[in-house]
Structure formats: structure tokens, C-alpha cells
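In what follows, a single structure is set out as C-alpha cells and then discussed.
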Amino acid sequence: MTDITLSRIGALEHIFPNPDEYLFITGLAGPARDAAALTNDGPNMFTMAGCMGAAVSMGLGMALSAPTKKVCVIAGDGEMLMNIGSLATVASQAPENLTIVCVDNGGHGETGGQVGHTALRTDLAKIADGAGIANVMTVSSSDGLMAAADFVKSGVGPRFLWLRVLPGDPTSFKRNMNPMECRMRFKTAYLGG
Amino acid sequence: MYETVHPHDAWSRTVFQQLKDAGVTLFSYIPDAGNARLAELAEEDNQTRVVLLTTEEEGIAVAAGADLVGEKAVVMMQSSGVGNCPNFLSFVKGGGFPLLMIVSMRGDHGEQNPWQFPMGQAVEPILDAMGVITFRVDKAEELEGGMSAAINTAFKGGCASALILGQSFLGAKAF
């Protein structure tokens with residue numbers, strides 16, 4: 001069993017020192033709060049607060065529709081497992097501009113910290129690799145964050161970064177959870193720019 | 001020279017042209033006899049892209065991702081796949097995403113497989129419950145108008161819509 005020593009707090013800030021370069025889609029719960037803190041809930045990010053399992057597919061639709069933009073999906077382990085087939089869809093389409101970061105705390109933090117599959121026997125890196133994602137990296141300590149920052153900006157996508165973090169509260173950040181406002185905010189910023 | 005023409009070739013060409021004229025670039029689908037020819041046409045065209053899904057709900061999210069950057073998508077599925085979509089229709093309704101679906105029916109007119117009836121009969125109630133406006137095609141003459149209405153509802157009206165291709169239009173499979 002890999003020794004996990006990485007705290008989720010501040011981890012994304014190390015990996016994405018220039019978040020304005022990306023279009024972000026996030027899943028729900030803790031990873032959405034970590035990600036919203038990264039961009040200060042910026043207009044280049046669409047976060048979800050429901051529809052668990054949708055993030056990777058939404059990122060795929062965006063990456064295929066905006067091939068010159070860097071698109072990044074940030075989602076938790078529960079979100080990934082709820083729609084794990086989406087990794088096969090991503091692999092078959094192979095969008096070079098898509099990066100997926102799974103912030104994996106090994107459980108369901110939002111609902112009381114129930115143990116998840118990745119804290120037991122499930123290896124998301126092997127699943128991503130087996131789905132056909134060409135570039136897969138696992139980081140579980142702060143020593144790996146610089147390499148992770150290189151990983152997301154080098155080579156071609158699709159990339160899958162498995163960020164294994166300690167259980168613990170996500171970043172304390174209150175984001176806009178109105179889907180209509182967030183959609184219009186994103187579209188206005190993207191299409192107006 | 002002998003050539004096999006796909007049984008759904010003619011109407012699929014009509015619908016494909018309507019979708020292209022409306023600016024649809026992304027065609028996502030789970031294969032079904034009723035959407036097979038349409039997917040082939042989108043695959044053959046160099047301005048449109050086809051995304052093979054693993055579950056129909058993925059297509060709902062793919063379409064939303066396209067919308068956020070100003071592109072248009074269609075999601076094609078068999079009626080059974082509608083049962084995989086309702087939760088993701090939440091962001092469609094809440095966010096006002098212009099979703100366009102094409103559903104080829106089973107469990108409908110002339111069905112012989114008992115497994116298909118429960119979901120087939122629930123397609124329109126489910127879509128109605130989640131705020132997707134449905135346009136049903138039972139006769140060939142209803143096709144073009146129905147497709148046009150569904151396209152306009154989604155991309156001009158900004159409301160999710162689904163074209164429902166009934167089995168009296170598509171034909172029922174014998175078992």
C-alpha cells in the first residue's frame with residue numbers, strides 16, 4: 001500500500017501556478033472547493049454541486065469543441081468511479097488538450113468520510129492506463145508536486161493525474177452554486193474574450 | 001452493380017443535413033439500429049465529429065461542455081438509454097443548457113421483446129419530468145418538421161428537446 005502523506009490544501013496551487021491558462025470543469029464536493037479556491041471561482045471554471053460523474057464527460061465535450069484551449073477536469077475519486085467508462089471515451093477520442101486530475105481522499109468526505117474503493121483495492125492509475133489514457137501519473141507526497149506540475153504542461157494529452165491525498169477537510173471556499181449564473185458567466189467570459 | 005442501401009439511409013440523410021445546417025458539430029451516441037446510419041454520415045463528414053459513449057448520460061455532459069465554449073452537439077440513443085440520463089438532466093434544467101437528443105424507440109409500436117416495454121413506455125414521462133420537450137415521429141411525413149422543431153427548441157429557444165423516433169416510423173424488429 002502506497003504511503004500517502006500529501007495534504008490536499010494548496011496542492012492544486014503547486015500544480016497550476018498559472019490557472020488562467022486553463023478552462024476548468026470540476027465535479028462536486030471537496031475537489032470543487034479546492035479548485036474554486038485555485039481560481040477564486042473564476043469565469044474560466046464551471047463547478048458542479050450535483051450530477052456526480054459528469055465532470056470528465058463535460059471536460060471531454062469542451063476539449064473537443066475548443067481544441068486550441070487547455071482544458072482540465074478536477075474531480076474526486078467517487079466522481080471518477082461513478083462514471084469510470086468516461087475514461088474509455090476520453091482515450092478513444094484522445095484530445096491532446098485534456099488533462100484530468102483526480103483529487104483522491106480515499107473516501108466520501110462530503111457525507112461523513114465513509115471509506116471509498118480507492119482506500120481498499122482500487123487502483124485508478126491502472127484503470128486509466130487500462131482505459132487507454134496514454135499519460136498517467138500518480139502523486140501521493142508533496143515531493144511529487146513539482147513533477148506533477150511538469151506532467152500537466154508537458155507532452156500531449158490526454159493526461160490523467162492521480163493525486164492521492166490524506167483524508168481531511170477540503171479548502172474552505174464558498175463558490176457560486178447557481179448553475180445558470182455559472183454557465184452564463186463562463187460563456188460570457190469565453191465567447192466575449 | 002449491386003449496392004446495399006441502408007434501410008434508414010434516406011431519412012438519416014435528411015436529418016443529418018438539418019443538423020449540419022443548424023451548426024451541430026458533435027454527435028455523441030450509444031449505437032442503436034435507429035441511429036446507426038446517422039452516426040455513419042457524421043463519421044464520414046469531415047466537419048462533424050462522432051463520440052462513441054459508454055453510457056448515454058455521458059452524452060448529456062459532452063453536449064454541455066460543447067455549449068460552454070459555444071458549440072452545438074446532439075446526443076443519440078435508444079429508448080433504454082433515456083433511463084441512464086435523468087440525474088445529468090439536472091444541470092441541463094438548472095443551467096439552461098440547450099440539449100438536443102434523438103431517441104430511437106423500442107418497447108413501442110410492434111415490439112416483440114418484453115424487456116423493452118418498461119423503459120420504452122417511460123421515455124416520455126421521464127423526459128417530461130426533467131423538463132425535456134419531446135417531438136414524436138410516428139410517420140415519415142412528421143420527420144422533417146419534428147427535427148426542425150427539436151432543433152429550434154434547443155438552439156433558438158434554449159430549452160432541452162428530444163426527437164422521439166417511434167417504431168411505427170422506424171419499423172419493429174422481429175424475434
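Within chain A, which is the longest segment containing none of the trypsin sites (Lys or Arg not before Pro) that sit in a DSSP loop and have at most 14 other Cβ atoms within 10 Å? Each step should come with its number before you reach the end.
Numbers: sites that count: A:R121, A:K174.
The answer is A:1-120.
Just want the answer: with Cβ charges of +1 for Lys and Arg and -1 for Asp and Glu, which residue in B:G96, B:Q78, B:A61 is farthest toward the dipole's positive end in region B:36-112?
Among B:G96, B:Q78, B:A61, the one farthest towards the positive end of the dipole of region B:36-112 is B:G96.
Running a GNM on chain A with Cα contacts under 10 Å, which residue among A:A29, A:A148, A:A119 ends up with the highest mean-square fluctuation?
The residue with the greatest mean-square fluctuation here is A:A119.
Report D for region B:47-118 in µm² per second (integer): Stokes-Einstein, Kirkwood Rh on Cα pairs, 37 °C, 0.692 mPa s. Before the final figure, lay out each step's value.
Details: Rh = 13.2 Å.
The Stokes-Einstein estimate is 248 µm²/s.
So, how do all the Cα-to-Cα distances of the protein assembly as shown break down into 10 Å bins, in percent, from 0 on up?
The distribution over the protein assembly as shown is 5, 25, 32, 22, 12, 4, 0, 0, given as percents.
Between B:A122 and A:F173, what FRET efficiency comes out of the Förster formula 1/(1 + (r/R0)^6) with R0 = 30 Å and r the beta carbon distance, rounded to 0.05? Let's see the in-between values first.
Values: r = 40 Å, r/R0 = 1.33.
With a Förster radius of 30 Å, E is 0.15.
Around A:I100, which amide H atoms from residues at least 5 apart in sequence, or from another chain, sit under 5 Å from its own amide H, with H modelled in the peptide plane?
A:V73, A:R159, A:F160, A:L161
Ignore the peptide's own chain and count Cβ atoms of other chains within 10 Å of each Cβ in A:87-95; give me the average, rounded. Mind showing how you got there, number by number?
Values: counts 1, 4, 9, 2, 0, 4, 6, 0, 0.
Per residue, the average neighbour count from other chains is 3.
From the residues A:A55, A:M146, A:N97, which one has its Cα farthest along the dipole of region A:41-147 in the positive direction, the dipole being from +1 and -1 charges on Cβ of Lys/Arg and Asp/Glu about the Cα centre?
It is A:N97, whose Cα lies furthest towards the positive end.
Using the per-residue mean of other Cβ atoms lying within 10 Å as a proxy for protection, in what order, highest first, do the peptides A:53-59, B:117-123 fall?
Numbers: A:53-59: 30.3, B:117-123: 17.3.
Those peptides, ordered most packed to least, come out A:53-59, B:117-123.
Where does region A:47-155 land on the Kirkwood hydrodynamic radius, alpha-carbon pairs, in angstrom?
Numbers: mean 1/r = 0.0687 Å⁻¹.
Across region A:47-155, the inverse of the average 1/r is 14.6 Å.
Straight-line reach from B:K93: which lysines fall under 18 Å, measuring Cα to Cα and dropping same-chain residues less than 8 apart?
B:K93 reaches A:K187, B:K72, B:K156.
What chymotrypsin sites (Phe, Trp or Tyr not before Pro) does region B:1-81 have in DSSP loop regions with at most 14 other beta carbons within 10 Å?
Those satisfying the criteria are B:Y2.
With all protein chains present, how much of the accessible area of region A:1-95 (probe radius 1.4 Å) comes from carbon and sulfur, to the nearest whole percent? Don't jump to the answer; show the numbers that get you there.
Working: 1580 of 2980 Å².
The C+S portion of the solvent-accessible surface of region A:1-95 is 53 percent.
For region A:34-108, what are Rg and Dmax over the alpha carbons, in angstrom?
12.1, 35
When you look at the Cβ of every residue in B:45-52, what mean number of other chain Cβ atoms sits within 10 Å? Walk me through the intermediate numbers first.
Details: counts 0, 0, 0, 0, 3, 1, 8, 4.
Across the residues of B:45-52, the mean count of other-chain Cβ atoms within 10 Å is 2.
Please list, ordered by chain and number, the residues whose modelled amide H lies under 5 Å from the amide H of B:M101; skip anything fewer than 5 residues away on the same chain.
Excluding prolines and chain starts, which carry no amide H, the hits are B:V75, B:S161, B:A162, B:L163.
Any idea what the dipole of the protein assembly as shown comes to, in debye rounded to 20, about its Cα centre with Lys/Arg Cβ at +1 and Asp/Glu Cβ at -1? Please report the intermediate quantities before stating the final value.
Values: 25 positive and 38 negative charges, 108 e Å.
Rounded to the nearest 20 debye, it is 520 debye.
Once you average over the residues of B:88-96, how many Cβ atoms of partner chains fall within 10 Å of each Cβ? The partial results should precede the final answer.
Values: counts 8, 1, 6, 11, 2, 2, 10, 11, 4.
Per residue, the average neighbour count from other chains is 6.
The values are calculated or read from the model by the stated rules, or taken from the named source; none is laboratory data. For clarity, every value in this text was computed on a predicted model and none was experimentally measured. Note that each Cβ is placed from the backbone with ideal geometry, even for glycine, and that neighbours are counted across all protein chains shown. When the accessible area is computed, the model is the full protein with side chains, heavy atoms only, and any ligands, DNA or RNA have been set aside. Shrake-Rupley method; radii C 1.70, N 1.55, O 1.52, S 1.80 Å.
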